[in-house]
Amino acid sequence: QVQLVESGGGVVQAGGSLRLSCAASGSIFSINYMGWYRQTPGKQRELVAGITSGGSTVYADSVKGRFTISSLNAKNTMYLQMNSLKTEDTAVYYCNAATAMITWSKGGDYWGQGTQVTVSS
């Protein structure tokens, strides 16, 4: 089992920056993939960025060049640095982890509780 706890959400003006953190605990040695997803009311959860245990990354087209995903301490902690934020980035952001093969669109079995990011105009 893997437990995930997000932090770092909040309210920021358009053009500003935020950094989200995800602390993983439990069977972290078995994690192969981690990612950030976001969801707005009435829409499906979508991939924002993902990172593999080998350090490969993937980004949604809408955040490329603005967001950076990283991890430290052998998968203990994952970050999402969000720069040049836009109002359309407003969503609940979820940390995700997987111990098996995944498709990025769906993510793995383990989810955090979510953290709200609100970008004001």
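Accessible area of the chain with a 1.4 Å probe: how many percent of it is carbon plus sulfur? Don't skip to the end; give the middle numbers.
Details: 2980 of 6130 Å².
Ligands and nucleic acids excluded, carbon and sulfur reach 49 percent.
Out of all Cα-Cα pairs in segment 10-63, roughly what percent, to the nearest whole number, are more than 12 Å apart?
The answer is 76 percent, as a whole percent.
Starting from the 7 Å offset along Cα-to-Cβ, what nm value, one decimal, do you get for the label separation of Lys106 and Asn76?
That separation, rounded to one decimal, is 3.2 nm.
Stretch Val58-Gln113 to full length: gain in nm at 0.36 nm per residue minus the Cα-Cα span? Could you put the intermediate results ahead of the total?
Values: separation 55, 0.36 × 55 = 19.80 nm, distance 2.22 nm.
Fully extending the segment from Val58 to Gln113 adds 17.6 nm.
Note down the Stokes-Einstein diffusion coefficient of the chain in µm²/s, whole number, using a Kirkwood radius over alpha carbon pairs, 37 °C, and 0.692 mPa s.
233
Please list, by residue number, every one of the trypsin sites (Lys or Arg not before Pro) in segment 32-121 that is coil in DSSP and has at most 16 other beta-carbon atoms within 10 Å.
When the trypsin sites (Lys or Arg not before Pro) of segment 32-121 are filtered for loop state and at most 16 Cβ neighbours within 10 Å, Lys43, Lys64, Arg66, Lys86, Lys106 remain.
From the protein chains alone at 1.4 Å, what is the descending order of accessible area for Leu80, Leu47, largest first?
Final ranking, largest accessible area leading: Leu47, Leu80.
Relative to the present Cα-Cα distance, how much length would full extension add between Ser25 and Glu46 at 0.36 nm per residue of separation?
5.2 nm
Taking a probe of 1.4 Å, how large is the accessible area per residue of segment 29-121, in Å²?
Value returned for segment 29-121: 51 Å² of accessible area per residue.
The values are calculated or read from the model by the stated rules, or taken from the named source; none is laboratory data. Model, not experiment: these values are computed from the prediction. Here Cβ is always computed from backbone atoms with ideal geometry, including for glycine, and neighbour counts include all displayed protein chains. The area values use the complete protein model at the heavy-atom level, side chains included, leaving out ligands, DNA and RNA. Shrake-Rupley method; radii C 1.70, N 1.55, O 1.52, S 1.80 Å.
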